[in-house]
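To start, the structure itself, in structure tokens.
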Amino acid sequence: MRYSRAEIEQFTHETLTSGLCILKGHFPAETLQRWDEHFRPLLTTHIERESGKQNRGSNRHYVTLPFIRPFADEAIFADPDVLAIAKNLVGKNMVMCQLAVDTPLPGSMYQDLHRDAPPLFPELGLETPPFQLAVNFPLVDVTEENGPLETTFGTHMMAREEGLKGIETGEVKLERILLETGDLIIRDVRAIHRGTPNRTDHPRPMCVIGYSRRWLFRPEVSIRIPLDAWESLSEDSRYLLRFNPRVESLDEIDTREIYQAFAY
Ligand SMILES: O=C(O)CCC(=O)C(=O)O
């Protein structure tokens with residue numbers, strides 16, 4: 001592990017209170033370069049096949065990654081520092097439920113301010129401890145120009161309307177998260193945020209790995225695990241992925257994106 005127990009606790013505390021922590025220079029740039037090379041044709045195919053949908057707003061796409069190399073990489077999805085922080089937040093028996101990429105293309109616009117999950121108990125108007133996390137890491141540097149995520153601190157523990165009101169009055173600030181390739185964010189998906197316009201000529205792919213409480217079911221996301229990939233996983237990784245469907249081969253499955261409604 002790269003971080004001490006005390007540092008892991010500090011990142012945990014930051015995420016609990018602010019809704020987000022950032023691990024700088026955590027993943028090797030060469031690994032992400034390889035992900036990027038393998039992702040580009042998937043993005044092209046997705047755009048050709050689902051062009052009418054633009055499933056995250058205009059010129060903006062969400063693409064589930066196939067659980068094969070280079071993406072099925074324990075060095076990334078079972079990184080010991082990330083897992084230690086995530087387990088502190090959503091439980092030692094947490095699951096990995098999502099592996100995908102969000103990409104604003106040139107010409108994308110502001111998304112509406114949103115959360116990625118509804119509250120567990122909307123009747124109460126109260127927020128709970130965390131139940132779903134997104135670990136985001138870009139495949140290219142994220143600059144002011146290419147569509148940085150804009151997010152808020154502390155709104156994950158507010159009622160949605162209160163958070164939105166705070167943003168409107170200026171009491172809650174929208175912050176742009178600029179990242180270098182290799183940096184990662186661990187965020188509580190309830191923090192209010194939005195994608196911003198990509199004003200460059202190049203796509204800005206940002207990976208998302210979801211970790212959840214073991215009892216949470218998000219039908220929109222799933223990781224289909226080919227049996228040969230399953231066979232090659234460590235015991236710990238199998239435990240992390242235990243509720244995901246296993247398939248003979250990815251050739252047989254319908255890979256159309258079903259995660260369409262995304263803003264809560
Ligand atoms: O890719 C981004 O910058 C944000 C995307 C996002 O928040 C979403 O699609 O839910």
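The values are calculated or read from the model by the stated rules, or taken from the named source; none is laboratory data. A quick note: this is a predicted structure, and the numbers were derived from the prediction, not measured. Don't worry about glycine lacking a Cβ; one is built from the backbone with ideal geometry, like all the others, and counts go over all protein chains shown.
Details
- The range 228-249, residues that are aliphatic (A, V, I, L, M) and in contact (Cβ under 8 Å) with a residue 60 or more places away in the chain: Ala229, Leu233, Leu240, Leu241
- Scanning the range 162-174 for any residue that is surrounded by fewer than 22 Cβ atoms within 10 Å (Cβ to Cβ), within 20 Å of Ala86 (Cα to Cα), β-branched (Val, Ile, Thr) and at pLDDT 95 or above turns up nothing.
- Counted residues, the range 114-151 - those being in contact (Cβ under 8 Å) with a residue 60 or more places away in the chain, within 14 Å of the ligand (Cβ to nearest atom) and out of contact with any Phe, Trp or Tyr (no Cβ under 9 Å at 6 or more places or on another chain): 5
- Residue check: Ser222 meets all listed conditions (1) of a type outside the set (Asp, Glu); (2) more than 16 Å from the ligand (Cβ to nearest atom); (3) assigned to a loop (DSSP other than H, G, I, E, B); (4) at pLDDT 95 or above but one, namely (4).
- The listed residue being under 21 Å from His193 (Cβ atoms) and either modelled with pLDDT of 95 or more or of a type in the set (Asp, Glu) (or both), out of Asp79, Asp116, Asp36: Asp116
- Of everything in the range 26-54 that is polar (S, T, N, Q) and in a loop (DSSP other than H, G, I, E, B), the residue that is surrounded by the most Cβ atoms within 10 Å (Cβ to Cβ) is Gln54.
- Within the range 193-213, considering residues that are more than 10 Å from the ligand (Cβ to nearest atom) and among the β-branched types (Val, Ile, Thr), the one nearest to Gly25 (Cα to Cα): Ile209
- Residues that are under 16 Å from Pro138 (Cα atoms) and away from the ligand (no atom under 14 Å from the Cβ), drawn from the range 43-56: none
- Subset of the range 236-264 [part of a loop (DSSP other than H, G, I, E, B), at pLDDT below 80 and farther than 30 Å from Ile192 by Cα]: Ile253, Asp254
- The criterion of being of a type outside the set (Gly, Ala, Ser), under 22 Å from Pro130 (Cβ atoms), modelled with pLDDT of 95 or more and more than 16 Å from the chain's Cα centre (by Cα) does not hold for Tyr211.
- Counting the residues of the range 15-25 that are surrounded by 15 or more Cβ atoms within 10 Å (Cβ to Cβ) and either hydroxyl-bearing (Ser, Thr, Tyr) or at pLDDT below 95 (or both) gives 2.
- Tally of residues being touching a residue at least 12 places away in the same chain (Cβ under 8 Å) and either in a helix (DSSP H, G or I) or over 20 Å from Leu20 (Cβ atoms) (or both) across the range 84-98: 8
- Of all residues in the range 66-113 being more than 16 Å from the ligand (Cβ to nearest atom) and in contact with an Asp or Glu (Cβ under 8 Å, 6 or more places away or on another chain), the one that is farthest from Glu162 (Cα to Cα): Ala78
- Residue within the range 71-81 that is of a type in the set (A, V, I, L, M), surrounded by fewer than 19 Cβ atoms within 10 Å (Cβ to Cβ), out of contact with any Gly (no Cβ under 6 Å at 6 or more places or on another chain) and over 23 Å from Pro226 (Cβ atoms) present: no
- Residues (within 14 Å of the ligand (Cβ to nearest atom) and either aliphatic (A, V, I, L, M) or without any contact (Cβ under 8 Å) to a residue 24 or more places away in the chain (or both)) located in the range 160-183: Leu174, Ile177, Leu178, Leu179
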